[in-house]
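The values are calculated or read from the model by the stated rules, or taken from the named source; none is laboratory data. Treat the numbers as computed from the prediction; the structure is a model and nothing was measured. Areas reflect the complete protein model, heavy atoms only, side chains present, ligands, DNA and RNA absent. Shrake-Rupley method; radii C 1.70, N 1.55, O 1.52, S 1.80 Å.
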Amino acid sequence: HQYEASKRWLDLIGVLQKKAAAVADQAARIALHGRVAQLFTEKFSNDAEAIKAYERILEIDPDHGPTLATLRDRYEKRRDWDKLIGVLRTRLGSIETWCNISPTSRGYLRFLEGFMAKAGVHCRKVQC
């Protein structure tokens, strides 16, 4: 892209955001917002704007695993506990939908339950 070649990152971000708003394909919209988040992170070290782009991905696909994992880390780093708990609730909900989970996932589920209990968020135990 011409803006990328000339290192006009804000112009490139603007074009990508407009494309994301105009395209109907969900996967393409997710990819465009992901690229915006990546540019804000890599070119500007702007976590706040990157987070907004990641949140737009969740508006498209609330269960988008890679985005949930990224936001979990970003919210924890920023100590944005309300948003972190929201992401953890979403992850817990998506894990609950399949009970043949791996031991690693089962450990992650137990971690989430413990974290949420410490944060004062009550959830039902998942039995598999």
List, in order, the whole-Hz ³J(HN,Hα) value for each residue of segment 50-64 obtained from phi through the Karplus relation with A = 6.51, B = -1.76, C = 1.60 and θ = phi - 60°; use x for Gly and Pro.
4, 4, 4, 5, 5, 5, 5, 4, 5, 5, 7, 9, x, 10, 5
Applying the Karplus parametrisation 6.51 cos²θ - 1.76 cosθ + 1.60 with θ = phi - 60° to the phi angles of segment 36-44, what ³J(HN,Hα) value in whole Hz is obtained for each residue in order, glycine and proline being reported as x?
4, 4, 4, 5, 4, 6, 6, 8, 10
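Keeping all protein chains in place and using 1.4 angstrom, which order do I13, I60 fall into by accessible surface area, from largest down? Write down the numbers at each step before the final one.
On the way: I13 5, I60 30 Å².
Per-residue accessible area, sorted high to low, gives I60, I13.
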Hey, if we sort S6, S45 by accessible area with the 1.4 Å probe, largest down, what's the order?
S45, S6
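Could you calculate the contour length gain from D11 to Q38, that is, 0.36 nm times the residue separation minus the distance between their Cα atoms, to one decimal place in nm? Please list the in-between numbers first.
Working: separation 27, 0.36 × 27 = 9.72 nm, distance 1.45 nm.
That works out to 8.3 nm of additional length.
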Solvent-accessible area of E55, probe 1.4 Å, all protein chains present, reported in Å² to the nearest ten, please.
50 Å²
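Hey, if we sort D82, D11, D63 by accessible area with the 1.4 Å probe, largest down, what's the order?
Numbers: D82 130, D11 65, D63 90 Å².
Ranked list, largest accessible area first: D82, D63, D11.
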Computed accessible area, K7, all protein chains, 1.4 angstrom probe, square angstrom
140 Å²
Mind listing the phi-derived Karplus ³J(HN,Hα) values for segment 67-72, rounded to whole Hz, using 6.51, -1.76 and 1.60 with θ = phi - 60°, and x for any glycine or proline?
5, 4, 5, 5, 5, 4
